[in-house]
Structure formats: structure tokens, C-alpha cells
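The values are calculated or read from the model by the stated rules, or taken from the named source; none is laboratory data. None of these values were measured; they are calculated from a predicted model. Every residue, glycine among them, receives a Cβ derived from its backbone with ideal geometry; neighbour counts consider all protein chains shown. The area values use the complete protein model at the heavy-atom level, side chains included, leaving out ligands, DNA and RNA. Shrake-Rupley method; radii C 1.70, N 1.55, O 1.52, S 1.80 Å.
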Protein chains: 2
Amino acid sequence: MTTDLGAQDLTALLDSARQDYSELAGRGLKLDLTRGKPSPDQLDLADDLLTLPGAQIFKAADGTDTRNYGGLNGLLELRQIFADLLNVPVGQLLAAGNSSLELMHDAFVQALLSKLPGAESRWVDQGPIKFLAPVPGYDRHFSICERFGIEMIPVPMTETGPDMAVVSRLVAEDASIKGIWCIPKYSNPTGVTYSDETVRQLAEMPTAAPDFRIFWDNAYAVHHLTEERVEVADVLGLATAAGNADRVFVFGSTSKITLAGAGVGFFGASEANIKWWLGNLGKRSIGPDKINQLRHATFLGSAEGVLAHMDKHRAVIAPKFEATLRILAEQLGGTGLGTWTEPKGGYFITLEVPAGTASAIVARAAEIGVVLTPAGATHPLGQDPDDSIIRIAPTFPSQSDLEAAVYALTTCVKLVGYEQRQK
Amino acid sequence: MTTDLGAQDLTALLDSARQDYSELAGRGLKLDLTRGKPSPDQLDLADDLLTLPGAQIFKAADGTDTRNYGGLNGLLELRQIFADLLNVPVGQLLAAGNSSLELMHDAFVQALLSKLPGAESRWVDQGPIKFLAPVPGYDRHFSICERFGIEMIPVPMTETGPDMAVVSRLVAEDASIKGIWCIPKYSNPTGVTYSDETVRQLAEMPTAAPDFRIFWDNAYAVHHLTEERVEVADVLGLATAAGNADRVFVFGSTSKITLAGAGVGFFGASEANIKWWLGNLGKRSIGPDKINQLRHATFLGSAEGVLAHMDKHRAVIAPKFEATLRILAEQLGGTGLGTWTEPKGGYFITLEVPAGTASAIVARAAEIGVVLTPAGATHPLGQDPDDSIIRIAPTFPSQSDLEAAVYALTTCVKLVGYEQRQK
């Protein structure tokens, strides 16, 4: 990294960073900026779920006894609430267990072991297959591919989503590329929302693979951090209009709406895909936990109710994002040691530091009791070739812990950054 | 079937059956004896679960906030309750989602796609594999094998469990046999509990496959119908003592203890198997619904609490089994047209009718509005070679509906049985 600082100025800056670091080391910090978990304050917002649905209340709107077996599609009234929010016709949206990660994992399992609509054979019978992985991205997505030995091809993220020139070229020429991971709104970790043009291209682009799938992880569909409720284009509708209805798998969940561990996951897709999914699911399950779905439908009430509830989340976490951005600006502004995203929603801020310093920064932070997501976690196999991306998850710590942790992080950025310059 | 009835007597009996059938046909019955579902009265016993864990109550015994992500093993206090009941050390017992069927299905998925402890390769890479299927057995077990193209070899059930002479011979000589389905206590549908000698042989027998697994579906561990709480031997302990610790996968659930659709499933196995399972599960899940597990731990309290709760179930369903057995005896006793099991627990009575008549009986019952489990469902691929087994599930209907349905069933048995004799 070039700099116009004189050698003397650099020494002074480095000394100052060393002094700050040494002082922090003496404080016995124990702080954690790693995972995108809601804070206890956020979970308190859904306290009513701990006593719902209520004594002797167990009938669905259609009269079904939700306590018993059955109902593979999930509770209709809850699916209706999320059909609008996830842009999936209610008849093509399933409500499932407590996690959309499970549904994404099981989508791979099913595609590996049961022939997808449009496929020539099961993925497990096709020899080596590949997936496109926009980077930086979500480590748990990449872990699923890694588990099943699916090669990931990194694709750069831009301000409008994955670089579609790269994506379109790759999928047009290589039939072994079976899909792409997408977090279309407030993406993990960059906060980017895909532009309408990006979504249109994803829906319409020719693919060499007849069984290509977009894994559309709409994890932050209603997770706004500002007054603006950013919208993303209707990928399933666009794909259907383009004759590619079977291309899209939509995932969503209430994990970061209600209770992280006790929410409801959703799966949406074309009619053919849903039929295929239910055919497989029917061998695995006699129905999801419909009581928990009734609990959620009662608590949330409607799509508007979900948005109103998310406003309460915003009131809790927006100040944490603001504090993080403020400290980053105060400490790193003008230093040339970092740039960062200013997301309008979601759970993360991405800090980009000089190439070759991210791992060292994370290590130095750990030495003084501040745990950060491992450098590289945002890339397939945990390998960031530039070693420059650090993911900040501001939601879980208390406001004061967060501010202390972000300050410590910036101190480590300066320490490692100035050391690198001095070499 | 031979009979010493004179032709005249037979004609009279057949006429009488035809008259009874015709009368039933005029009643517009709409009755269902198919699935082993708890009745609303049984579900009412767990009504407290609809308001638990209670406002602001979400801390596990160890202080964990059960609302958030994490805790892949499941809630310790609930696992402790079921460790004794399922005969699995608590450190080797996981608490999961709302269904043990899912766990059994996923055990196949994992073994197909990830090399089992002791295996030479993944099952999916081993060419055709086989499973032993004691018959009559549980159709949902068989459906899982069918889905994955796993050939099932039927093994006769005896009064002490599967015919171990057949089982030991087959597994010793054929390395492509990867496992056996077992419902060790109050088996579905015969009600048989495996003898200690059967369990010992299963645990100790030599197998040609190094990755052989017993799928031990202890679905009715505490589901007693009499004062006697029948015990089954500790298969995991016996296998471990015999040097075959990795051979056993134990499954259980609260589905027929608390709420059928909103219970908790359990998986128990050796330390190596659990490590393998968690390694795979960690790619799929950030933890089960721990709130539901806390709900269950609070409601059930202890292993003794579970047994006390099951006494309440017995009070509801034992009279239904008694009525079923009474009507079977009144209507079919001495006719030579049927024999049936008298289970001490579980959810089913097996009725054996003359070879070649079961399908016709089920069809005749359907014509007058009485739905029975399809004949053949108790056998792999739905094919009972003798066409003689009918499964009766007495729990779900009301007492009066049940009695009407069983009477209608016996009428169909007589109608079809006497028609067959007359041919």
C-alpha cells in the first residue's frame, strides 16, 4: 500500500497504536464480534411466543388439529403471511422446521440423491459438479458444498450483486456448474442488494446445465436498518416468465425475526420443484411442528405485522450499526487502512483492510480477548486470496461491549497496518 | 383353507355376512382405522405444552439462552430424562427436531454421502446395498429404503423378534447387507418385544459388512397397555461389550408421549458414531429448537414423570384395545377366519386372515366407508406375498367409532372369507 506519510510520522503512528494495544491488553477484555446472532434484547421482543398458542388453542384456521401428525406443506395461515414477504405464491411456499440452513442442505441432499426436474440424472451420478460462490459470502453456504465435495468457483461481488458478466459466461459454457449461492438483499457480509438488472439476468441467462438452480437465500428480506425498505426483484416470477420456472429455490426463515433457535424456515419454488420436494419429504417426515407455526401465525398476524415487528428490531440494532460506523470513521477515516460497507439492512458490516493483513489483525485481536470471525471465512474453503476481508457482526454484544470491541479492532487494524507499511 | 362346515352351513353363514354387510352399507359410515395417531383425548393430556415454557422463561439449567442459536446436541436436561428410558448414556444421546423418522431418514442420507465409522467407503459408492426388513413391519421404514433404491430382504418375525437363524446367516455371508430395521418393543404392527436372546444375538453376531448398522427404532419404549412395563435388553451396551459399539443406531421420540406433530426426536449411538453424526449435522444446522426441548423438560420433569404421563395415555387407549379384541373374539372366534395379536403395548393389533383375502377385505371395507391401512403395507414395496396381514390402529377413533369400525371389519372378513371357502 502506498502512502505519503514520512518515516517519522509513520513511526509516531505505530508507536501510538502499540501504546493503545498495550493498554487494551491490560484490560482483560472478553468480547465477541463473530456470529450474526440476535441479542437478548431482540429475543425479548418475541417473549409472547413463550406462552403461545395458549391453553387449549390448537386449531388451524381450516379446523386442523395442529397437535397431531400431518400437513407436510406447513400451516396455511403462516405461509400466507410469508408468501408476500418472500415473493412466492402461497401454493408454492412450504413452512418447515426451525432453520432455512437445513432446507438448503437438504436441497443438496435431494438433488444429489433424487433426480431434479429437468435433470438428466441425480447429481451424485454426474461426476464432479460445481457451484458459483459470490465472494465475499456466507461461510455456512460454502461448508455445505465442501461437505459434499462440490467445487466452488468464486465470483466477485459488486455493488449490484455478483459480477454478471462472469456468471453468465461461466454458466453458459460449463454444464457441470449446477447452481449459484445468492443472498439477494442486504447480502452477508457486504449488505449489497441485487439490482433489478442482476436479478433479471439471473432469471433469464442461458445455462449449459438443464438442472441449474439459483439458491436464493432471502435471509434478510425484512431486516431493514433504515426508514427505506429496500426491495429486491421477484426472481421466481422473472424466471417463470422467461421459461425458467424450475431454476429458482427460494429460502427464508423467521430465525432473525422471532427466536433464532425456535423459528420457522420456508422453501419456495416452481410447482414442479415443490412436487419433487414433497415427494421426497414425504419419505422423511409426517409433517413439521405445526404448533410452532400456529404460535408464529398468532404472534405475527400478517405481513404488516412482521414489518411492524422488524421496526422494533431496528430500534434495538440500528444504534449498534451506527456506533460501529462512527468508530470505524473516527479511528480509520483518512488512514488508508480500511474501507467498509454502510448497509441499509441485514446483520453485517464488511471491513476491507490492506491485502495481507486480515489474518494478522484477527490474531492480534484474539490475543487481547476480542474474538472476530476468522479471516477467510467469507470465502470458499476459508481462503481469502487477498487476506483483506473482515466481517463485523454488531448485533449480539451490548452497546458498550460492541463499542469496546470495535475500538479494539480498529486499534489492531492500525497496529498491523502501520507495521506492514514500515516493512 | 380347509373347513369342516357343510355346504349348507357355509351358505347360511355367507348369507348372514352378506346381510350384515348390506346393512352396514346403508349406514353411510365414514370411519378410519389406518394410521397410528394419538386421539384428541391423548393430546389433551399435554395441554400444558401450549403455554410452556412461560413468560420470560428461557434459560437452560446451565444458563444457556435457549432462544438463540447453538447447542447442536440438544438440551441436556431433556437428554437426561430420556437417557435412562432409551438405555443410552446421556453423553451419547442427542435431542433433535420433531420426528425420529427424520433422524432415521437422515441416518441413511449421511451413510450414503459420508463414510460411516468402520466403512470402507460411502454407501453411495458401494454399488447395490441391502437391508433386512423383518415382516410384518412398518411401512415408513420400508419407504425410506425404497426411496434410496436399497433392496429389502424380508425376514420373518417370530414371538421373540426377527428369526435370528435367518438374520445371522444372511449378515454373515453377504457384505452388501448394511443393516436391519428393528422395532424392539411392542413392535409395529405385531406388538412383539424382542427377547433378551434375540437382542444379544443382534449385538454379537458376526457380520460380513464392517459398516453394518442396527436401526433400533425404540418408538414404543414407554407405551405400555398393561400394568406390566415390559423391558427390552440394552442393545447398545451389549454391542459395546461385544466390541461392536458402532453397530447400533438408537432412535426414539416423544411424538406419542406429548404432541404427535410437535414433539422431540432422539438419536443415540457410540461415541464414534455421535462424533460422525455431529460433524455432518454441523453443516446442516445451528442447533435444534431448544425452546421446545425446554418446554418438554419442564412438562415431563423426569423419567418417572414420563412413566406417570404414559399411565394417563394407557387409561385412554387400553379400553380401545380391549374393545377391539373383544369384538374380534365375538365375531371371528371359532370361525377359522382370523387370528390376532394381543399386544402389551404400542399402537397396533395385527389381524391375520386367510391367505389371499386381505386385499379383498380392505377393498370391501372401503366400499362401505371404513378405511383400513392398505393390505401389504406391512411388507417391503407394499407386497405381502400371502395377502394375509391387516394392521388395526385402534387409538385415534372415538370409542364408538372404533367399535363400529372393528365390527364392520369383522363383517368384511366373514364376507370375503366365506366367499373364498365357497369357491
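Can you say what percent of the DSSP beta bridges in chain B, counting only those with both residues inside, are antiparallel? Round to 5. Could you put the intermediate results ahead of the total?
Values: 17 of 36 bridges.
Looking only at bridges with both residues in chain B, the antiparallel portion is about 45 percent.
Around A:Val264, which amide H atoms from residues at least 5 apart in sequence, or from another chain, sit under 5 Å from its own amide H, with H modelled in the peptide plane? Placed amide hydrogens put A:Thr254, A:Ser255 under 5 Å from A:Val264. Share of carbon and sulfur in the accessible area of chain A stands at 50%, probe radius 1.4 Å. Plainly put, the range B:230-372 has a radius of gyration that is 1.08 times its Kirkwood radius, both from alpha-carbon atoms, as the Rg/Rh ratio.
Take the Cα of A:Gln422, step 7 Å toward its Cβ, do the same at B:Thr11, and the gap between the two points is 11.5 nm.
Remark: the protein assembly as shown carries 36 Å² of accessible area per residue (probe radius 1.4 Å; ligands, DNA and RNA excluded).
If I take all pairs of Cα atoms in the range B:367-423, what percentage of them are more than 14 Å from each other? In whole percent, the long-distance tail amounts to 62. Treating each Cα of the range B:55-301 as one equal point scatterer and applying the Debye formula with no solvent, the log10 of I(q)/I(0) at q = 0.12 Å⁻¹ comes out as -0.66.
Taken across both chains, chains B and A shield about 4700 Å² of accessible surface from a 1.4 Å probe.
According to the square roots a ≥ b ≥ c of the eigenvalues of the Cα gyration tensor, what is the shape class of the range B:208-281, taking rounded for a/c under 1.5, prolate for a/b larger than b/c otherwise, and oblate for the remainder?
oblate
Charged side chains reduced to their Cβ positions (Lys and Arg at +1, Asp and Glu at -1) give the range A:55-301 a dipole of some 820 debye around its Cα centre. Between B:Thr240, B:Thr324, B:Thr378, the GNM of chain B built on Cα springs shorter than 10 angstrom shows B:Thr240 fluctuating the most. For A:Ala208, neighbours were defined as the other residues whose beta-carbon sits under 14 Å from its Cβ, and their charges (Lys and Arg +1, Asp and Glu -1) total +1. Stretched out straight at 0.36 nm per residue, the stretch from A:Glu231 to A:Arg169 would grow longer than its current Cα-Cα span by 19.6 nm. Here each label is just a point 7 Å from Cα along the line to Cβ, and for B:Glu304 and B:Glu367 those points are 5.7 nm apart.
What is the magnitude of the charge dipole of the range B:1-44 about its Cα centre, with +1 placed on the Cβ of each Lys and Arg, -1 on the Cβ of each Asp and Glu, and no other charges, expressed in debye to the nearest 20?
Approximately 280 debye in magnitude.
Peptide B:260-272 has a mean of 3 when you count, residue by residue, the C-beta atoms of other protein chains within 10 Å of its C-beta. Here the gap between A:Glu146 and A:Ser398, fully extended at 0.36 nm per residue and compared with their Cα-Cα distance, gives a gain of 87.3 nm.
Averaged across the residues of B:105-113, what count of C-beta atoms belonging to other chains lies within 10 Å of each residue's C-beta? Walk me through the numbers on the way to the answer.
Numbers: counts 7, 5, 0, 3, 7, 1, 0, 4, 8.
Mean inter-chain Cβ contacts per residue within 10 Å come to 4.
Contact residues in the range A:38-63 (at least 50 Å² less accessible area with all protein chains than alone, 1.4 Å probe): A:Leu43, A:Asp47, A:Leu50, A:Thr51.
Among the residues of the range A:130-153, those with an accessible-area drop of 40 Å² or more from chain alone to full protein complex, heavy atoms and 1.4 Å probe, are A:Arg140, A:Arg147. Counting 0.36 nm for each residue step from A:Asp311 to A:Asp44 and taking away their Cα separation leaves a gain of 94.7 nm.
In square nanometres, what is the average projected area of the Cα convex hull of the protein assembly as shown? Don't skip to the end; give the middle numbers.
Numbers: hull surface 152.3 nm².
In nm², the orientation-averaged hull projection of the protein assembly as shown is 38.1.
State the dimensionless ratio Rg/Rh of chain B (Rg: radius of gyration of Cα atoms; Rh: Kirkwood radius). Let's see the in-between values first.
Values: Rg = 22.8 Å, Rh = 22.8 Å.
Checking Rg against Rh, the ratio lands at 1.00.
Averaged over peptide A:362-370, the number of partner chain Cβ atoms lying within 10 Å of each residue's Cβ comes to 0. Working note: Cα atoms of the range A:303-423, range along each principal axis, descending, whole Å: 56, 32, 26. Each of B:Ala233, B:Phe215, B:Leu116 was placed along the dipole of the range B:55-301 (beta-carbon charges, centred on the mean Cα), and the one lying farthest toward the positive end is B:Leu116.
Computed from phi, the 3J(HN,Hα) profile of the range A:100-115 under the Karplus parametrisation 6.51, -1.76, 1.60 (θ = phi - 60°) reads 7, 4, 4, 5, 5, 4, 6, 4, 5, 4, 5, 5, 5, 9, 9, 4 Hz, with x in place of Gly and Pro.
Hey, can you rank B:361-369, B:31-39 by average C-beta count inside 10 Å, highest first? It would help to have the intermediate numbers written out before the result.
Details: B:361-369: 19.3, B:31-39: 20.9.
By packing density, highest mean first, the sequence is B:31-39, B:361-369.
Cross-link pairs exceeding 32 Å in C-alpha to C-alpha distance, out of A:Lys37/B:Lys178; B:Lys30/B:Lys344; A:Lys275/B:Lys414; A:Lys290/B:Lys30; A:Lys275/B:Lys320, comprise A:Lys37/B:Lys178; A:Lys275/B:Lys414; A:Lys275/B:Lys320. The Cβ shell under 14 Å around A:Asp217 holds other residues with a net charge of +1, Lys and Arg each +1, Asp and Glu each -1. Projecting the Cα atoms of A:Cys182, A:Gly161, A:Pro206 onto the charge dipole of the range A:130-259 (Cβ charges, centred on the Cα centre) puts A:Cys182 farthest toward the positive pole.
With the simple spin-label model, which puts each label point 7 Å out from Cα in the Cβ direction, the A:Thr335 to B:Ser195 separation comes to 7.8 nm.
The Cβ shell under 12 Å around B:Pro117 holds other residues with a net charge of 0, Lys and Arg each +1, Asp and Glu each -1.
The angle separating the long axis of helix B:7-25 from the principal Cα axis of greatest extent in chain B is about 60 degrees.
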